[in-house]
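Read-outs: derived from the displayed coordinates by stated rules, not from any lab. This structure is a prediction, so every number in the text was calculated from the model and none was measured. Neighbour counts run over all protein chains shown; Cβ positions are idealised from the backbone, glycine included.
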Protein chains: 2
Amino acid sequence: MPDQTKPRREQIHDVASRLFSERGYHATSMRELAGALGMQGGSLYAHISGKEDLLIEIVNGASRQFDEALFSLRGVDLPADQKLRKAMRRHIRVVADNMDSATVFFHEWKHLSPEAYTRVTGWRDSIDHFYRELVTQGIEQGTFRADLDVRMTSNLILSAVNWTYTWYRTGGPLTPDDIADQFADMLLRGFSETSAAGSGMTGAGAGS
Amino acid sequence: MPDQTKPRREQIHDVASRLFSERGYHATSMRELAGALGMQGGSLYAHISGKEDLLIEIVNGASRQFDEALFSLRGVDLPADQKLRKAMRRHIRVVADNMDSATVFFHEWKHLSPEAYTRVTGWRDSIDHFYRELVTQGIEQGTFRADLDVRMTSNLILSAVNWTYTWYRTGGPLTPDDIADQFADMLLRGFSETSAAGSGMTGAGAGS
DNA sequence: CCTACCGATCGGTAGG
DNA sequence: CCTACCGATCGGTAGG
């Protein structure tokens, strides 16, 4: 079942992501994981040091992906609406391209040990902060309505991009960018000061 | 710790909701649950028939709450924007007033046995259907823009109302109705055909 | 990577 | 509602 060409550690990581996302961390036994990889329970420990290490790696990996996707946008000098669209594209792409680990990220992070838990909480906070900052900039630039509540606006954005992990299906009719653009179109119309609506390159636009 | 005035079964149900939401269904042992209720592990089975029955009750209870909140709105003859605002208020109120069981509803339903699983899936589908129908009506009435994609629009609404389970805190500065109204204001501006925006009784408006 | 095993803990039951 | 117990399964280790 797992991709034979990858290094064994990566295979374990991938299969664990799938099982943890489907059945949950605690409901997945190391013997099930081993079985899905065609080996015996005890053999796993030649490659990994423990069950929680697997969880930490998966959650950290997802955190890193969100981090890389968003934070390079921080310094970019673009109107807030265009920047938001780019951020939403990247954010949804991370979720869609990593459905298993994204699901584990959203559901299983409570089961981490205190240190790992704190680190993940910090990461989530900084993602929140990124969107709040973006909204603030948009208001200051006059791109977004001045009466927007920054926290609620970023909450609404985060709802849209994060909730995709529950309904996106790989191979469906919509690409992650399609989804991001449709959400951005609807949201930006509600955010914009002018009623001109949906500024900022809909559809086709460049990558990234 | 549990409310002494309630019947024992209800106490068990409440504490189980809290523990399942905090630690997850499989990570909560029956002995922990019993301990939190001040009794021994085996004593639980004088009141309940098994661990999964608890989960089923919690998830069914949450499903029923969503059901009751939304479906009475189905026949109501109101402009779609006002109806949407009402639905979002009720939906978020169910989440906010039942944070524990709502969290269990969103996270632990995969662990149900096939029959219970199928029933819950059906409930979720009918909630989806409610919002899609509402959006369709809004377009037909001319209240919403004709170029809205029904499925993506209802997805966006559901994202906003469901995701509240991750960040709402009881006793915070915002009431569930405040949250619903702010989300509705932003969304409805993006949905409306006219650029007049935010129709449909903002703020104060009647209950329900 | 396997076999064989460890102590611990699980959900649940019997009998009172 | 408690005590005492059941078989099953858990994560992990030793030795090869």
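Okay, here's what the table says:
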| item | result |
| --- | --- |
| Options A:Trp123, B:Pro79, A:Leu158, ranked by Cα towards positive dipole end of the protein assembly as shown, top entry (Cβ charges) | A:Trp123 |
| Solvent-free Debye scattering, log10 I(q)/I(0), computed from the Cα coordinates of region A:39-107 at q = 0.27 Å⁻¹ | -1.11 |
| For A:Thr121, inter-copy label distances in nm, listed shortest first [label point 7 Å out on the Cα-Cβ vector] | 3.6 |
| Charge-dipole axis of chain B as Lys and Arg at +1 and Asp and Glu at -1 on Cβ define it, positive-most pick from B:His107, B:Gln182, B:Ser43 | B:Ser43 |
| Cα pair distances of chain B binned at 5 Å [whole percent] | 1, 7, 15, 17, 17, 13, 11, 8, 6, 4, 2, 1, 0 |
| Pairwise FRET efficiency - B:Trp167 versus A:Leu78, Cβ, R0 = 22 Å, nearest 0.05 | 0.20 |
| Relative contact order (percent, whole number), region A:1-126, Cα cutoff 8 Å, 6+ residue spacing | 29 |
| Cα-centre dipole for the protein assembly as shown with unit charges at Cβ (Lys and Arg positive, Asp and Glu negative), debye to 20 | 480 |
| Separation between Cα centres of region A:57-118 and region B:27-49, rounded to whole Å | 38 |
| Inter-chain shielding of A:114-127 (mean C-beta neighbours from other protein chains, 10 Å cut-off) | 0 |
| Nearest-20 debye value, region A:1-99 charge dipole, Cβ charges on Lys, Arg, Asp, Glu | 240 |
| Calculated diffusion of the protein assembly as shown, Stokes-Einstein form, Kirkwood radius summed over Cα pairs, 20 °C and 1.002 mPa s, µm²/s | 93 |
| Equivalent-ellipsoid semi-axes of region B:85-185, from the Cα gyration tensor, Å, largest first | 25, 21, 9 |
| Hits among lysines - C-alpha to C-alpha of A:Lys6 under 26 Å, sequence gap 8 or more where chains match | A:Lys51 |
| Cβ-placed point charges (K, R +1; D, E -1), dipole of region A:48-149 about Cα centre in debye, nearest 20 | 280 |
| Built amide H within the under 5 Å cut-off of A:Ser192, gap 5+ | A:Arg145 |
| GNM flexibility winner over chain B from B:Gly75, B:Gly41, B:Gly190 (Cα, springs under 10 Å) | B:Gly75 |
